[in-house]
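*Asks:* Quick one: the structure is below, and I'll ask about it shortly.
The values are calculated or read from the model by the stated rules, or taken from the named source; none is laboratory data. In this text, all values refer to a predicted model and were calculated from it rather than measured experimentally. Because the Cβ atoms are built from the backbone with ideal geometry, glycine has one as well, and the counts that use them run over all protein chains shown.
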Amino acid sequence: MAEIRKRFVCSNRCGDEFFTTAHVVEEWKVDGLGNWIETTQALETSQKPNDENIWTCAKCNEEAFLFEDSYYEGAFEYGGYYFRGYKVLLKTLTREIIGIMNRVRSDIILGFSKYEWGKRGYTYEGFYAASGKSDYDVFECIETGKVYLPGENELFEYIETQEERRATVQ
Ligand SMILES: [Zn+2]
């Protein structure tokens, strides 16, 4: 099983960029009293951002919260994100017939795709391999809180109706 990492997530699920503080050791140009004149270089990071810091979303400024291990139960890792089997569609019918393809859209923010706009590598086979050959057709992403349908060339966002969402999320 993949190693579970703690991760900050924006409550609005904007994306994966945050502001927080790190401690950096700098070299300064100073006067004879030690007063700062100029920062000449950053020498090293003495302390990376940690869990006790406040992390704010780089997009909406909302304070981010830390995902705990229990959020990841039963999840598998793919490309730095965690997914969990969510729903089985009617496997015996082709996707076109039941109109599933009308209910998907590209998620260019997450960007698992083979296309030019893709931000993260993606293959259908790789995704299912990571899932341990899951029987599910639709997966929820722990970090984004959205559900996804693995397509041939990209990981589609799957659009649920209000009723479906209510029925599945308890
Ligand atoms: Zn945000």
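*Asks:* Would you mention how many residues in region 55-87 are exposed (fewer than 12 other Cβ atoms within 10 Å of the Cβ) and part of a loop (DSSP other than H, G, I, E, B)?
*Replies:* Going through region 55-87 one residue at a time, the tally reaches 5.
*Asks:* Only one residue in LEU90, LEU155 is more than 26 Å from CYS14 (Cβ to Cβ) and either surrounded by fewer than 17 Cβ atoms within 10 Å (Cβ to Cβ) or at pLDDT 95 or above (or both). Which one?
*Replies:* Among LEU90, LEU155, only LEU90 is more than 26 Å from CYS14 (Cβ to Cβ) and either surrounded by fewer than 17 Cβ atoms within 10 Å (Cβ to Cβ) or at pLDDT 95 or above (or both).
*Asks:* Next question, about the same structure. Do we find that ALA22 is in contact with a Pro (Cβ under 7 Å, 6 or more places away or on another chain) and more than 16 Å from the ligand (Cβ to nearest atom) in this structure?
*Replies:* Considered against the rule, which asks whether it is in contact with a Pro (Cβ under 7 Å, 6 or more places away or on another chain) and more than 16 Å from the ligand (Cβ to nearest atom), ALA22 comes out as yes.
*Asks:* What's the number of the only condition in (1) in contact with a Gly (Cβ under 6 Å, 6 or more places away or on another chain); (2) assigned by TED's automatic domain parsing to the domain that holds GLY121 that GLY85 fails to meet?
*Replies:* (1)
*Asks:* Continuing with the same structure: Please specify each residue of region 1-55 satisfying the condition of being among the β-branched types (Val, Ile, Thr) and either without any contact (Cβ under 8 Å) to a residue 40 or more places away in the chain or assigned by TED's automatic domain parsing to the domain that holds TYR82 (or both).
*Replies:* Scanning region 1-55 gives THR20, THR21, VAL24, VAL25, VAL30, ILE37, THR39, THR40, THR45, ILE54.
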